[in-house]
1. Could you check the stretch 1-56 for helices (runs of 4 or more DSSP H) lying wholly inside it with 1 or more residues that are among the acidic types (Asp, Glu) and free of Cβ contacts under 8 Å to residues at least 60 places away in the same chain?
2. Are any residues in the stretch 33-57 open to solvent by less than 40 Å² (accessible area, probe 1.4 Å) and more than 13 Å from residue 108 (Cα to Cα), and if so, which ones?
3. If residue 138 passes every condition in (1) farther than 25 Å from residue 18 by Cβ; (2) of a type in the set (Phe, Trp, Tyr); (3) more than 13 Å from the chain's Cα centre (by Cα) but one, which one does it miss?
4. Restricting to the stretch 48-63, count the residues that are among the aromatic types (Phe, Trp, Tyr) and more than 24 Å from the chain's Cα centre (by Cα).
5. If you scan the stretch 74-115, which residues turn out to be within 12 Å of residue 141 (Cα to Cα) and surrounded by fewer than 18 Cβ atoms within 10 Å (Cβ to Cβ)?
6. With 151, 143, 131, 160 as the choices, which residue is among the small types (Gly, Ala, Ser), at pLDDT 90 or above and closer than 24 Å to residue 76 by Cα?
7. It is to be established whether one or more residues within the stretch 139-146 are surrounded by fewer than 17 Cβ atoms within 10 Å (Cβ to Cβ) and touching a residue at least 24 places away in the same chain (Cβ under 8 Å).
8. Any residue in the stretch 61-77 that is touching a residue at least 40 places away in the same chain (Cβ under 8 Å) sitting within a Cβ distance under 6 Å of a residue that is part of a helix (DSSP H, G or I) and open to solvent by 50 Å² or more (accessible area, probe 1.4 Å)? List the pairs, counting only those 6 or more apart or interchain.
Amino acid sequence: AAAIFGYALFWRAIRIYPFKMQRFWRGTLWYGAASLIQLSWMNAVEFQGIYILFVWIGLSVWLGVQFGLLTILIPYNRHLSFARILFIASVWTLLEWSRYHILCGYSWNLSGVALSNPYAIQFASLFGILGLSFWVIFVNLVGLRAFVKRGIHRYLLWGGLALIPYLFG
């Protein structure tokens, strides 16, 4: 679901906030909370000690801030152009790339993992996991555009783009 419309539903709800900082904090809190749940395996103090809780919380906050920065790019009650969709998906891919090439070597929890099923994962043979991350955000943004500017052709485009990784596999 996240690969097709999970982010789009969140962004559809967040577009009502006129101020960028409102969207930033809501995006940060939402993604940070999701990261706390997804990374809950890290809170096993029996193996690493109590300090692992600080790592777990800090990492989740950091991931939330990255998503909050991305959420700022979602326009408030304005048209989402195709160029802006490509830009936002590219920024997210760059942020995910920075996690393990520049900042700390953290390579878990990438958005492209949403396509990790026997069929869609084959799409990674073209562009790798970062290509899958780009595709997930791209498809969700096209979905957001379809939610905002309704039209059968927009829904068909969104559905067709969502099916490509599965048809490829």
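1. Where helices (runs of 4 or more DSSP H) fall fully within the stretch 1-56 and carry at least 1 residues being among the acidic types (Asp, Glu) and free of Cβ contacts under 8 Å to residues at least 60 places away in the same chain, they are 45-48.
2. If the condition is that a residue be open to solvent by less than 40 Å² (accessible area, probe 1.4 Å) and more than 13 Å from residue 108 (Cα to Cα), then 34, 44, 49, 52 are the ones that fit.
3. The single condition residue 138 does not satisfy is (3).
4. Residues that pass the stated criteria total 1.
5. 75, 79, 81, 82, 83, 84, 86, 87, 90
6. The unique qualifying residue is 143.
7. No, the stretch 139-146 contains no residue that is surrounded by fewer than 17 Cβ atoms within 10 Å (Cβ to Cβ) and touching a residue at least 24 places away in the same chain (Cβ under 8 Å).
8. Matching pairs, first to second residue: 72/20.
The values are calculated or read from the model by the stated rules, or taken from the named source; none is laboratory data. All figures in this text were calculated on a predicted structure; none of them were measured in a lab. All Cβ positions, glycine included, derive from the backbone under ideal geometry; neighbour counts span all protein chains shown. These accessible areas exclude ligands, DNA and RNA; they are computed on the full protein's heavy atoms, side chains included. Shrake-Rupley method; radii C 1.70, N 1.55, O 1.52, S 1.80 Å.
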